[in-house]
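Below is one structure, written out as structure tokens; the observations come after it.
Bear in mind these aren't lab numbers, they're just calculated from the coordinates by the rules spelled out. Note that the structure is predicted; figures quoted are calculated from it, not measured. Here the Cβ positions follow ideal geometry from the backbone for every residue, glycine too, while neighbour counts run over all protein chains shown.
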Amino acid sequence: MNRLPLEKKVLSENDRLAANLREHFRDYGILCLNLISSPGSGKTSLLERTLEALPQSECAAVLTGDIQTENDANRLRRFGFPVKQITTGGTCHLDARMIERHLADWKLEEIDVLFIENVGNLVCPSSYDLGEAAKIVMLSVTEGDDKPLKYPSIFFKSELLVLNKVDLLPYVPFNIVSAEENAHRINPGIEIVRVSCTTGNGLAEWMTWLDRKQRALRAGSPQMVS
Amino acid sequence: MHEMGIASLIIEAVKKEMAGRPLDRAEKVGIRIGALTALDQSALQFCFEVVTRDTELERLKLEVDCVPRRHRCPNCPNEFEVKDYDFDCPRCGSFAPECISGDELELAFLEVEEHEPTTA
């Protein structure tokens, strides 16, 4: 019996495509953000609010993933930005090849910020690099405040935690301080914004974070956070 | 939850490796999975059996090496395994958030039974 060393990543093909995408995004000056949460946390609502609030000078684009239906893309198209639905047909996450394929006929030079709304799932999307500048994890107060401990991988890999539906806090047994402590336990460097996409509360902070990321990208240092 | 996809990627990698060895038979493939990947080992074994069943790789075994999450202390050179999200260095008590392993999803080795070409 002969043992051959393989020493390579299982997802090496995905990582290679993601590295190409990241290079493209950098060349075109596109801030690419990968938004991940459970189904129903409010990813599409956050994007609706964001597209509505973006300055006229900014061109956003959205790739939105779901197992089936064009519903999310239909909700987002009314803001006049390019939007494409990626229906995975059963797959529980987006991968770099799907992103590459769906970007093919867009004019990348016209896009400033690309939002990728991943398939609703806190587990699988965390393993697939899509070439994004940052992952953003969203958690809503109608879920459990221990979610960061139950699904640590995505909280560990995200730069920002968006805590959504804070207008419902008086009606649900969600301890927001405990949720934030749990997130910091998994990832001490994670930034947190509390928002309500229904009332608009906290959205200014989210837009400030977004603006800061764009400035950092333009300054030629996508990793810079301040 | 995405163990089926991962099992298929492992098989693809084995097939690629074996393409240049038409006479040999792959017996076992070894992978390393880190605690942060959230992959379930028994689900992965099950998916692996399903994707190899009734194929030329039916006899192929999967060996999984689980890699724990390890952190490095910024104050003393200690490296330690993180349990229950306690990031304090067990040696000096400093807060040590730097993760050095646990995110692996790697192919480690392939064991093949080699067959010499028969001379006709």
Q. What is the fewest-to-most order of A:126, B:8 by other Cβ atoms lying within 10 Å of their Cβ?
A. B:8, A:126
Q: Within 10 Å of each residue's Cβ, count the other Cβ atoms and sort A:98, A:1 from fewest upward.
A: A:1, A:98
Q: Report Rg(Cα)/(2.2 N^0.38 Å) for region B:1-69, keeping two decimals.
A: 1.12
Q.
As a test, work out the antiparallel percent of DSSP beta bridges whose residues both lie in chain B, rounded to the nearest 5.
A. 70 percent
Q.
What is the ratio of the Cα radius of gyration of region A:146-226 to 2.2 N^0.38 Å, with N the residue count, to two decimals?
A. 1.19
Q. Based on the Kirkwood radius over alpha-carbon pairs, what is the Stokes-Einstein translational diffusion coefficient of region A:44-180 at 20 °C with 1.002 mPa s viscosity, in µm²/s?
A. 133 µm²/s
Q: Could you name the lysines whose alpha carbon sits less than 21 Å from that of residue A:135, not counting residues in the same chain fewer than 8 places away?
A: A:9, A:43, A:84, A:147, A:150, A:157, A:165, A:213
Q | Mean-position separation - Cα centroids, region B:34-71 and region B:1-20, in angstrom | A | 11 Å
**Q.** region B:13-92: GluC sites (Glu not before Pro) in DSSP loop, at most 10 other beta carbons within 10 Å
**A.** B:58
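Averaged across the residues of A:4-15, what count of C-beta atoms belonging to other chains lies within 10 Å of each residue's C-beta?
What the average comes to for A:4-15 is 6.
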Q: From zero up to wherever the largest Cα-Cα distance of the protein assembly as shown sits, split into 10 Å bins and tell me the percent of pairs in each.
A: 5, 22, 29, 24, 13, 5, 1, 0, 0
Q: Kindly express, to the nearest 10 degrees and within the range 0 to 90, the angle between helix B:41-52's C-alpha long axis and the longest C-alpha principal axis of chain B.
A: 20 degrees
Q: Determine, for A:27, A:95, A:15, the number of other Cβ atoms within 10 Å of each Cβ, and report the residues in order from fewest to most.
A: A:27, A:15, A:95
Q.
In chain A, once you exclude exposed chymotrypsin sites (Phe, Trp or Tyr not before Pro) (DSSP loop, at most 16 other Cβ within 10 angstrom), what's the longest stretch remaining?
A. A:107-226
Q) Other chains' Cβ within 10 Å of B:37-43 residues: what's the mean? A) 3
Q. Can you give the % of DSSP beta bridges in the protein assembly as shown that are antiparallel, to the nearest 5?
A. 35 percent
Q | Angle between chain B longest axis and helix B:3-18 axis [Cα atoms, degrees, rounded to 10] | A | 50 degrees
**Q.** Additional length obtainable on full extension of the chain from residue B:118 to residue B:19, 0.36 nm per residue less Cα span
**A.** 33.8 nm
Q | Cβ neighbours within 10 Å from other chains - mean over B:13-23 | A | 1
Q) To the nearest whole percent, what portion of all C-alpha pairs in region A:32-103 is separated by more than 21 angstrom? A) 22 percent
(Q) With N set to the number of residues, divide the alpha-carbon radius of gyration of chain B by 2.2 N^0.38 Å and report two decimals. (A) 1.41
